[in-house]
Amino acid sequence: MAIVLIVLAVYLFSVVIQAQQITSLVYNQQARFFINEAEEVIILFNKYENTQRSIINDRLDILTKVLSAKTTIMDTDGNTLYGQTSQDQSPSKLLLEPGFREQVLSGKNVVFAGKIAGVNEELFLVAVPLIKDNKVIGSVVIYSPIAGMKQHVNNILGITLIGALIGIVLATVLSIFVSRKMIRPLAKMEETARLITEGEIGRQIQVTSEDEVGRLARSFNRMSTQLKEKIEAIERLDRLRQELLSDVSHELRTPLTVIQGFSEAVLDGLVKSKEQENLYLSNIIDESERLRRLVDDLLDLKGMEAVKSFDEMEYVVLNKLAQITVERLRNMANSKEITLTLTAPEQTITVWGNIDRLKQVLTNLLDNAIKHSEAGGAVDVELGIKNNYTYISVKNSGSGIPQGELENIWERFYKVDKSRSRRGTGTGLGLSIVKKIVEMHGGKVSAESEPGHGAVFTLYLPHLNELSDQK
């Protein structure tokens, strides 16, 4: 009973408020409409007043028919210059009132709704100052009986009241049921949502029913989980973006500093011998080559990210490709006294791929393995088939990679040892390029390591039979 009384009280209060708002809305819309039309008449008056006065009268006649309201142009004394003259002189009576007259003369619009002394019916009137040569010379007045507007307002109010009554009856009947079955879990959701906005990302709510509210709760939990994952992904990407910018800046700064230093030394005449000059120029060329390789690798990686597959694909015999690549890097391994071996099955292993890109992948892996192996160590390359994938693994006997770093080594410029600068001529993009190339072949990469016992890098490519089945 208390709920019903509260609802009825709210209903009565809302009726009063809505009546006022609807009346104000209708009157304001009508006033704005009349003002817009009056401003159009002013533009017409200023254009044709001295040349084609008939055009002004024609426009006023049209407005009278279209608006169902009288439109006149008056001077500042209330005399009609254009349009129809009202028999009761209602516009003149209103505009000659001191308050309205001063408002018009000051260049302000007049909006009036109500009774004018000496006039039987209520009027709705709008007067817009007529300005010519920056001087108010009169006004454009549009007015009509207010009875039609009141009828329009009453019709809207009637429809609104009927709808509100129906809604209140339904709300009263359903309020108790809704409050018991829905409000409580929804309030819990609201509280959880508030906690999420305060930073408790991923917070879950307990699902206690299988109805719509229960399904909403499950959706809320999924949303919360996905929001947490997305925020973590965004934070990770932002961190990697900042690290990438920092690493690129560092990689560019070092060779540029060297080039600038040696170039200035040569230009300033600090070089005392031909041998020293050749050394400086050689260093400049080496650092320039390093810059070129860095830019080439960045552009190469960027270019691969813009496409989904390589254009030039063919059948590639991995046995032969691995053997050629191993032999090409054998001198490099021998120079560091590193044993380089290849283990491959007798059967021919063929994949569908881009031979140049696959050669680039294997070269990068072997180059890294040799560089990170100590003198007297070993690098083993193994080729085989496993679980419908062709795999190539490259294992070295170096110092290895900490477990916490393994998942990050494929990122651009990622350094396992951040306390030291990058050594040698590498750009820090080799493993990122390897990963991208393998993924564009429909494959995947992995890395395993145990500190002190080297690392194993493995790439998996779809076996040719598997590819044939997919096609």
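Just to check your reading of the model, which residue among LEU256, LEU252, LEU237, LEU270 is in contact with an Asp or Glu (Cβ under 9 Å, 6 or more places away or on another chain) and assigned to a helix (DSSP H, G or I)?
Going through LEU256, LEU252, LEU237, LEU270 in turn, just one is in contact with an Asp or Glu (Cβ under 9 Å, 6 or more places away or on another chain) and assigned to a helix (DSSP H, G or I): LEU256.
Would it be correct to say that SER249 is without any contact (Cβ under 8 Å) to a residue 24 or more places away in the chain, exposed (fewer than 12 other Cβ atoms within 10 Å of the Cβ) and within 30 Å of LEU429 (Cα to Cα)?
Here the answer is yes, as SER249 does meet what is asked.
Does at least one position in region 375-398 carry a residue that is more than 15 Å from VAL438 (Cα to Cα), of a type in the set (Gly, Ala, Ser) and under 46 Å from the mean Cα position of the chain (by Cα)?
yes
From (1) among the acidic types (Asp, Glu); (2) surrounded by 14 or more Cβ atoms within 10 Å (Cβ to Cβ); (3) not in a helix (DSSP H, G or I), pick out the condition that doesn't hold for GLU346.
(2)
Of everything in region 196-211 that's of a type outside the set (S, T, N, Q) and exposed (fewer than 14 other Cβ atoms within 10 Å of the Cβ), which residue is farthest from ARG184 (Cα to Cα)?
Only one residue fits best here, namely GLY199.
Is it true that some residue in region 321-328 is outside any helix (DSSP H, G or I) and assigned by TED's automatic domain parsing to the domain that holds SER373?
No; the residues of region 321-328 include none that is outside any helix (DSSP H, G or I) and assigned by TED's automatic domain parsing to the domain that holds SER373.
Please work out if GLN323 is in contact with a strand residue (DSSP E or B) (Cβ under 9 Å, 6 or more places away or on another chain) and of a type outside the set (Gly, Ala, Ser).
Yes.
Report yes if some residue within region 387-394 is modelled with pLDDT under 90, in the same structural domain as HIS441 (by TED's automatic domain parsing) and more than 23 Å from PHE310 (Cα to Cα); otherwise report no.
yes
For PHE310, which of the numbered conditions (1) surrounded by 13 or more Cβ atoms within 10 Å (Cβ to Cβ); (2) at pLDDT below 90; (3) in a helix (DSSP H, G or I) fails to hold?
Unmet condition: (3).
Across region 63-96, which residue is modelled with the lowest pLDDT among those that are of a type in the set (Val, Ile, Thr) and touching a strand residue (DSSP E or B) at 6+ places or on another chain (Cβ under 9 Å)?
THR85
Among what's in region 186-234 and is among the small types (Gly, Ala, Ser) and assigned to a loop (DSSP other than H, G, I, E, B), pick the residue that is farthest from SER432 (Cα to Cα).
SER209
Pick out the one residue from VAL111, VAL126, VAL104 that is in a helix (DSSP H, G or I), at pLDDT 75 or above, touching a helix residue (DSSP H, G or I) at 6+ places or on another chain (Cβ under 9 Å) and not polar (S, T, N, Q).
VAL104
Here is a yes/no grid of residues against (1) in a loop (DSSP other than H, G, I, E, B); (2) farther than 21 Å from ASN388 by Cβ; (3) modelled with pLDDT of 75 or more:
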site: VAL416; (1), (2), (3): yes, yes, no
site: ARG420; (1), (2), (3): yes, yes, no
site: ILE433; (1), (2), (3): no, yes, yes
site: GLY442; (1), (2), (3): yes, no, yes
site: GLU448; (1), (2), (3): no, no, yes
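The values are calculated or read from the model by the stated rules, or taken from the named source; none is laboratory data. Just so it is clear, the model here is predicted, and its values are computed rather than measured. All Cβ positions, glycine included, derive from the backbone under ideal geometry; neighbour counts span all protein chains shown.
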